[in-house]
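Notes for the one structure printed next.
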Amino acid sequence: MRKWSDVEKELFTEEQIRESKLRVAIIGELIKARNEQGISQRELEQLSGVKQPIISRMEAGETSPQLDTILKVLAPLGKTLYVGDLEKA
């Protein structure tokens, strides 16, 4: 049986894999913060100005949101993005 990491390397470039993992990490933190604070997607819509269907698609991984959209959603959750060295991530 083949490991996913082997298949992944055959299908995608290292850059695509790295970008995907970063995207998953950011959205994962968004979902975690929203759930920990007991905020629904509808409430986050009201707080951020980002429509609930967009939040839902972001959380489901069905879209690749623009940076300004991510920042609008993170701010009411008391979160921001941190830029650091990839080797330390």
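Couple of notes before you dig in:
- Estimated distance in nm for a label pair at VAL83 and VAL24, the labels positioned 7 Å out from Cα along Cα-to-Cβ: 2.5 nm
- Estimated [θ] at 222 nm from DSSP helical runs (n ≥ 4, -39500 (n - 2.57)) normalised by residues in the chain, nearest 500: -19000 deg cm²/dmol
- Largest to smallest accessible area among ARG2, ARG57 [probe 1.4 Å]: ARG2, ARG57
- Fully extending the segment from GLN46 to MET1 would add 11.5 nm, taking 0.36 nm per residue of separation and subtracting the current Cα-Cα distance.
- Linear extension gain, ALA60 paired with THR13, 0.36 nm per residue minus alpha-carbon span: 14.6 nm
- Carbon/sulfur fraction of accessible area - region 3-89, other protein chains in place, 1.4 Å, %: 52 percent
- Sorting THR13, THR69 on solvent-accessible area from highest to lowest, probe radius 1.4 Å, gives THR13, THR69.
- Label assignment, Rg and Dmax of the Cα atoms in Å derived from the structure, set (i) 14.3, 55; (ii) 15.6, 51; (iii) 15.0, 47: (iii)
The values are calculated or read from the model by the stated rules, or taken from the named source; none is laboratory data. Predicted model only: the values in this text are computed from it and were never measured. Note: ideal-geometry Cβ built from the backbone for every residue, glycine included; neighbour counts use all protein chains shown. For accessibility, only protein heavy atoms count, side chains too; no ligands or nucleic acids. Shrake-Rupley method; radii C 1.70, N 1.55, O 1.52, S 1.80 Å.
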